[in-house]
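I'd like to ask some things about the structure below.
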Amino acid sequence: LDDRDGKIWMDGELVDWRDAKIHVLSHTLHYGCGAFEGVRAYKTDKGTAIFRLREHTERLFNSAKILRMKLPFTVEQVEEAQKQVVRENQLESCYLRPLTWIGSEKLGVSPKGNKIHLMVAAWAWGAYLGEEGLKRGIRVKTSSYTRHHVNITMTQAKAVSNYTNSILANMEATDDGYDEALLLDASGFVSEGAGENLFVIKNGVVYTPDLSAGALNGITRNTIFHICQDLGLKLVEKRITRDEVYIADEAFFTGTAAEVTPIRELDRIEIGIGSRGPITEKIQAAFFDIVNGRNPRYAHWLTLV
Ligand code: PMP
């Protein structure tokens, strides 16, 4: 990913893709305190538009706040940076990655006195869990790793260090032949995927774990809340057990990268009909209509670049 033409926004300037480098003594590289976002832009009839740019940018600032990092930019500047990288790299639809990290002035656990940096990159990235996964559903394994407890590294920050837990869970699941991991919280209740929120459907009602299970407050998750309301589906946030997932009629993951990906199996137990369920299909179609600019009710969620 480092050897290509294009521009990356770094600390207020557009730099050549291959020159967007940091020093090996950067604090974040050693101790893992940093935050990032995952954002997508979609091609719409009116042009390329970033989906829920304000919400993603605000979450980045909130993550930094939780981690006691003071970003040296305003929300407006960071929004403009994101629009700029999509334009400059002439991308029609893409994934965007804003990341904030602590500089290399000194090491030692305390980052006090180190500079806070910010970069934004963008590149084309298709379906995170595969085109086939979007249609047929994926196979998921309950992880042997517990999701972060809410009082460890702070689960409402999209913190760099939180992803070691995600990486371990994802590697374990994929090494065992599954597509993705489902993590449980420290009490054994369902939390989220390695990079996705979870939804299950039972008797026409849509359920998702409440955030006390340590799941990230996903922006796609919130988009699904709106879609459920539009479709007249009851949505309940509650504690969910893994066996409730086994006996659900349908299940799906959501995320900026994963979009709306149906789950057809958990731990080799087929969920419902064992492929994308009918309500999931409706929700998924509504999601793609919104992000691609085909639903005027949500035009305010799309920022043309
Ligand atoms: N949980 C985790 C751990 C994630 O990494 C993501 C992706 N950002 C999500 C949930 C979904 O969040 P969003 O819909 O805002 O992308």
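What follows is calculated from the coordinates using simple rules that are stated; it is not laboratory data. It should be emphasised that the depicted structure is a prediction, and the values quoted were computed from it without experimental measurement. Positions of Cβ are generated from backbone atoms using ideal geometry, with glycine treated the same way; all protein chains shown enter the neighbour counts.
Looking at the structure I just gave you, is GLU281 in contact (Cβ under 8 Å) with a residue 40 or more places away in the chain, in a helix (DSSP H, G or I) and either more than 11 Å from the ligand (Cβ to nearest atom) or at positive phi (or both)?
Values: in contact (Cβ under 8 Å) with a residue 40 or more places away in the chain: no; in a helix (DSSP H, G or I): yes; either more than 11 Å from the ligand (Cβ to nearest atom) or at positive phi (or both): yes.
So GLU281 does not fit the description; no.
Failed condition for ALA49, given (1) farther than 25 Å from LEU216 by Cβ; (2) small (Gly, Ala, Ser); (3) touching a helix residue (DSSP H, G or I) at 6+ places or on another chain (Cβ under 9 Å), with all others met?
Going through (1) farther than 25 Å from LEU216 by Cβ; (2) small (Gly, Ala, Ser); (3) touching a helix residue (DSSP H, G or I) at 6+ places or on another chain (Cβ under 9 Å) one by one, ALA49 breaks only (1).
Next question. Can you pull out the residues in region 155-177 that are in contact (Cβ under 8 Å) with a residue 60 or more places away in the chain and either closer than 15 Å to GLU192 by Cα or more than 15 Å from the ligand (Cβ to nearest atom) (or both)? Talk me through it step by step, then tell me what you get.
Residues of region 155-177 that are in contact (Cβ under 8 Å) with a residue 60 or more places away in the chain, as a first pass: 155-161, 164.
Result: THR155, GLN156, ALA157, LYS158, THR164.
Let me ask you something else. In region 107-162, what residues are closer than 25 Å to ALA186 by Cβ, of a type in the set (A, V, I, L, M) and surrounded by fewer than 18 Cβ atoms within 10 Å (Cβ to Cβ)?
Listed by number, the residues that qualify are VAL109, VAL150, ILE152, MET154.
Residues being more than 28 Å from VAL205 (Cβ to Cβ), in contact with a strand residue (DSSP E or B) (Cβ under 7 Å, 6 or more places away or on another chain) and surrounded by fewer than 19 Cβ atoms within 10 Å (Cβ to Cβ): count how many of those fall in region 282-304.
Number satisfying all stated conditions: 2.
Quick one: what pairs do we get from region 79-90, first residue part of a loop (DSSP other than H, G, I, E, B), second surrounded by 21 or more Cβ atoms within 10 Å (Cβ to Cβ), C-beta under 6 Å, 6+ apart or different chains?
The qualifying pairs are ASN89/ALA122.
If I ask for residues that are basic (Lys, Arg) and more than 13 Å from the chain's Cα centre (by Cα), which ones from region 190-248 would you list? I'd like the intermediate steps shown before the answer.
Here is the first cut: in region 190-248, the residues basic (Lys, Arg) are 202, 221, 234, 238-239, 242.
If the condition is that a residue be basic (Lys, Arg) and more than 13 Å from the chain's Cα centre (by Cα), then LYS202, LYS234, LYS238, ARG239, ARG242 are the ones that fit.
Can you work out which of the residues in region 211-244 that are within 14 Å of the ligand (Cβ to nearest atom) and polar (S, T, N, Q) is nearest to HIS149 (Cα to Cα)?
ASN217
Looking for something over 15 Å from ALA124 (Cβ atoms) and of a type in the set (Ser, Thr, Tyr) - is there at least one such residue anywhere in region 58-73?
Step one: filter region 58-73 for residues over 15 Å from ALA124 (Cβ atoms), giving 58-73.
Filter once more, keeping what is of a type in the set (Ser, Thr, Tyr): 63.
For region 58-73, residues over 15 Å from ALA124 (Cβ atoms) and of a type in the set (Ser, Thr, Tyr): present.
Can you tell me how many residues in region 1-59 are within 16 Å of the ligand (Cβ to nearest atom), in a strand (DSSP E or B) and of a type outside the set (A, V, I, L, M, F, W, C)? Even if it seems obvious, please write down each step before you answer.
Applying the first criterion (within 16 Å of the ligand (Cβ to nearest atom)) to region 1-59 yields 32, 34-42, 50-59.
Filter once more, so that each one left must be in a strand (DSSP E or B): 34-36, 39-42, 50-51.
Subset that is of a type outside the set (A, V, I, L, M, F, W, C): 34, 40, 42.
Matching residues across region 1-59 total 3.
What is the residue count in region 137-182 for residues that are among the charged types (D, E, K, R), assigned to a strand (DSSP E or B) and over 18 Å from GLY218 (Cβ atoms)? If you could, list the steps in order and put the result at the bottom.
To start, the set of residues in region 137-182 that are among the charged types (D, E, K, R) comprises 139, 141, 147, 158, 172, 175-176, 179-180.
Then drop every residue that is not assigned to a strand (DSSP E or B), which leaves 139, 141, 180.
Going one step further and asking which of them are over 18 Å from GLY218 (Cβ atoms), we end up with 139, 141.
The qualifying residues number 2.
What pairs come up if the first residue lies in region 183-210 and is closer than 13 Å to THR261 by Cα and more than 12 Å from the ligand (Cβ to nearest atom), the second is in a strand (DSSP E or B) and β-branched (Val, Ile, Thr), and their beta carbons are under 8 Å apart, counting only those six or more places apart or on different chains?
So the pair list comes out as VAL200/VAL206; VAL200/THR208.
Identify all residues within region 8-53 that are closer than 14 Å to PRO98 by Cβ, of a type in the set (Asp, Glu) and surrounded by fewer than 17 Cβ atoms within 10 Å (Cβ to Cβ); write none if there are none.
Scanning region 8-53 gives a single hit, ASP11.
Among the residues that make up region 111-131, is at least one of them among the small types (Gly, Ala, Ser), part of a helix (DSSP H, G or I) and at negative phi? Show your work before the answer.
At the first step, the residues of region 111-131 found to be among the small types (Gly, Ala, Ser) are 113, 121-122, 124, 126-127, 130.
So of that shortlist, the ones also part of a helix (DSSP H, G or I) come out as none.
No.
Let me ask something else. Which of (1) farther than 19 Å from ILE271 by Cα; (2) under 18 Å from the mean Cα position of the chain (by Cα); (3) surrounded by 21 or more Cβ atoms within 10 Å (Cβ to Cβ) is the odd one out, the single condition LEU183 does not satisfy?
Against the list (1) farther than 19 Å from ILE271 by Cα; (2) under 18 Å from the mean Cα position of the chain (by Cα); (3) surrounded by 21 or more Cβ atoms within 10 Å (Cβ to Cβ), LEU183 comes up short only on (1).
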